[in-house]
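The values are calculated or read from the model by the stated rules, or taken from the named source; none is laboratory data. Not measured: the values here are computed from a predicted model. Quick reminder, even Gly has a Cβ in these numbers, built from the backbone with ideal geometry, and neighbours come from all protein chains shown. We work out accessible area using only protein heavy atoms, side chains counted, and drop any ligands, DNA or RNA first. Shrake-Rupley method; radii C 1.70, N 1.55, O 1.52, S 1.80 Å.
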Amino acid sequence: MGRVGAGGTAREAATRSLLLLLLLLLLARPPPAAASNSKESEVGLVSEHFSQAPQKLSFYSWYGSTRLFHFRVPPDTVLLRWLLHVSQGGPSCTDEEITVHFRYGAPPVINPLGTSFPDNTLNHASFHIRALLSTLMLDNTSVNISHPAPGDWFLVAHLPPSSQKIQVKGFVPTCAYIFQPDMLVMRVVEVSTLEPEVPLPQTLLSYPSYLKIFVPEYTQELRLELQGCVSSVSPGCPVRLTVGATTLPRNFQRVLTCTGLAPSCHLLLSSPPWGRWLQVTFESLAEPHVTVGFTAKAVFTVCRPWSVTIHHLIQNNPNQTYDTSAIQLSQSAVHRDLGRSSRVDSGPFCLLNYPVLREDTDVVSVHFQPLNGAFVLVHSRMPSVMQLRLDTGMDSGGSFIIVLRTNKTEVTNGTLVAACVNAASPFLSFNTSLNCTTAFFQGYPMFLRASSHMANLIMPFPETDNWYLSLQLVCPESPEDCEQAVVRVETILYLVPCLNDCGPYGQCLLLRRYGYVYAGCSCKAGWRGWSCTDNSTAQTVAQQRAAALLLTLSNLMFLAPIAISLHRSFLVEASVYFYTMFFSTFYHACDQPGEAVLCILSYDTLQYCDFLGSGASTWVTILCMARLKTILKQVLLVLGTLVIAMSLQMDRRGIWNLMGPCVFAFVIMASMWIYRCGHRGQCYPTSWQRWVFYLLPGISMASVGIAMYTSMMTSDNYYYTHSIWHILLAGSAAFLLPPREEKAGSWACLQKFPCHYQICRNDRDELYTVT
């Protein structure tokens, strides 16, 4: 059941629960016109409520910045209502616009930045709503869908596109926008089954009648008929017939309105969805309390498939493997069998079925291949069909690529290989049309011509369903030229998380919402788009190399504090500065896109070492300024570095995980300086030259660097501002390092042993060293 969003009070929870209860009652209540039949309606309809945990919204920059919600709509649902809840928390909240996208079968394909997609990529505008935060908080925003398709439904929510400013996590208070959708459904319990060729009498008053019919495989046509339709008060047939379910963003429901004087009407569906239940709804268009009676009937037109199996290949060529020669032998066998009989007692052949091997290679990675090899024989007599099973529920989070190729010599100027990609059922009517339209789906056409011997199609986030690739040889000008022609088409079919692994300027990242996994591209160097192929704002290669040189060579500024540390005998500090310089240089070399990238270790390892070096450098510099005793200083150096390493492992981006230990070191330094001032009766350090020429410049550089790091960096100026940050950090360390410690008197030997070993004690007290 529903859960209250983060930070909600008990009063808000009670109010929300009451609101959901009222909505459920409204959903379950029958229409006023059906008051006399309320008992029957309440028995036939039930309401259910589903919800998921709330999520914090983010400003949009790429698909990973959206928040995905995955629901499953139960079968026989006649009404679906999404109830959208939004709350906020924080001192700096503004009235932002929130966008929510809806899609059936797969996550929505969205494009808030208006970028371009790769060539031959399907991109249908998503169904979405936009509303201001204040509107969503004041009003109970809802989205109603009648007769939704059962199965997976996805919601994606996000804030407007993000600004270019790079926010440091935890430095300034931010607003938390919390979003949570609730799904309320009204489901039919009593659904009559319409059997083929069996008339089913129906009587309508003022409430609908719900039927369902199972469509078997290899169904060419479905004819739904209303016979003997009569009204109790007037002639004609005032009935509206709705077939199929609602899907988003595209809806292919079929509606037939029988308003004429004829007592019958019918609806013809070509290539209905195979192997599933089809929902049929009858509604009366007459006045209230007017009875309409009719008889519903379903008639199927089926055909026999010719299946190309391994048995046929072995029977024709038992001693050869399934290479090109085997395909040619199979080709002649198919021609021979089809030529002998194109019609048998149970009906004509309607398609040439090619069994397909599905090979799962990795997460959201599948390869499809015909069992008889990579080639498919395409004829003019009937379509060749391949079934591509993307129905596991885990295949809709990637990109499905279809590539068709043929030999240049096999497709002449007068021939055309037409292909259609459809979900739920194949397109079979190539002889009458090439629009790839089935009963409830608009397919995607592909063509191979004499001038174009290759065609490809890219489907981001394909719907969870059985997909079909159907091909047929067509001769528009002279059909007789295609009667004996056969074309071999090579098919390359595979599902991958990201197209081309997001290219050289992007990174393919797997995202997860509970057990559902999907993928997205995170682009770099100004490249944008679904697959990082939009170069409208991209950097040139020269700009990329200049940025890489700035970010890497700016770390050479650490040579100054390294040299000063070695000169003043601060060996530990010099080692930490060298560590920081080394890993910061190679981290930024690995962080570059395209041709300027160089990784000596994994990206995550280099990033962690870079962050650790930055924190450790600040820690050792402040402790060195504190002038502690040697033992205490060494203990604090080790403990502080371990604490910084632990905090970075918990949250690498949190600013206070780094600043916290450094503030603690600053408190230690300030305490020691105040102690010396009180003990000596004068300011520490005592030299005004030390303050003017070293401390003040070092503090100024550190202050400017912190201000630039926390509030001035953007995606556009990152290469320059971050390089300046490197210079300021290293420069401040060079200025703030204390001078060499004054040498104390000679070491006094407390005891001498006959074996010439000596135990010595240093009488110098570092606490009173004058600098």
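Between amide H atoms placed 1.01 Å from N, distances below 5 Å from residue 303 occur with 220, all of them 5 or more places distant or on a separate chain. Pairs of Cα atoms nearer than 8 Å and 6+ residues apart set the relative contact order; for the range 441-576 it is 10 percent. Specify whether the C-alpha gyration tensor of the range 485-545 places it in the rounded, prolate or oblate class, a ≥ b ≥ c being the square roots of the eigenvalues: rounded for a/c under 1.5, otherwise prolate if a/b is larger than b/c and oblate if not. Oblate. Taking the inverse of the mean 1/r over every pair of distinct Cα atoms in the range 145-231 gives a Kirkwood hydrodynamic radius of 19.6 Å.
Summary value for the range 348-434: 27 percent relative contact order, contacts being C-alpha pairs under 8 angstrom separated by 6+ residues. Please work out the average accessible area per residue across the range 138-241, using the 1.4 Å probe convention, and give it in Å². Here the residues of the range 138-241 average 43 Å² of exposed surface. Under 5 Å from the amide H of residue 406 lie the amide H atoms of 490, each residue being 5 or more positions distant or on a separate chain, with H modelled from the backbone and absent for Pro and chain starts.
The accessible area of residue 467, taken with all protein chains in place and a 1.4 Å probe, comes to roughly 0 Å².
Reducing the range 82-117 and the range 694-730 to their Cα centroids gives an inter-centroid distance of 35 Å. Principal axis analysis of the Cα atoms in the range 411-498 yields extents of 41, 28, 17 Å, listed in decreasing size.
Computed with a 1.4 Å probe over protein heavy atoms only, the accessible area of residue 62 comes to about 60 Å². Remark: the range 184-198, residue by residue, has Karplus-estimated 3J(HN,Hα) of 10, 10, 10, 10, 8, 8, 9, 10, 7, 9, 9, 8, x, 6, 10 Hz, where x stands for each Gly or Pro and the curve is 6.51 cos²θ - 1.76 cosθ + 1.60 at θ = phi - 60°.
Summarising the overall dimensions of the range 479-634 from its C-alpha atoms, the Rg and Dmax are 25.2, 100 angstrom. Spin-label pair residue 123-residue 512: with each label point 7 Å from Cα along the Cα-Cβ axis, the two points sit 3.1 nm from one another. Ranked by solvent-accessible area (1.4 Å probe, protein heavy atoms only, all chains present), the residues 524, 165 order from largest to smallest as 165, 524.
A simple packing score, the average count of other Cβ atoms within 10 Å per residue, orders the peptides 420-430, 246-256 as 420-430, 246-256, with the highest score first. Taking a ≥ b ≥ c as the square roots of the eigenvalues of the Cα gyration tensor, the range 130-287 is classed as prolate, since a/c reaches at least 1.5 and a/b is larger than b/c. Share of carbon and sulfur in the accessible area of the range 189-256 stands at 52%, probe radius 1.4 Å.
For the range 536-587, chymotrypsin sites (Phe, Trp or Tyr not before Pro) are listed when DSSP marks them as loop and at most 14 other Cβ atoms sit within 10 Å of their Cβ; the list is empty. Over the range 430-567, what percent of the accessible surface lies on carbon and sulfur atoms, probe 1.4 Å? Roughly 55 percent, rounded to a whole number. For residue 175, the accessible surface of its heavy atoms amounts to roughly 20 Å² (probe 1.4 Å, protein chains only, rounded to the nearest 10).
Ranked by solvent-accessible area (1.4 Å probe, protein heavy atoms only, all chains present), the residues 732, 575 order from largest to smallest as 575, 732.
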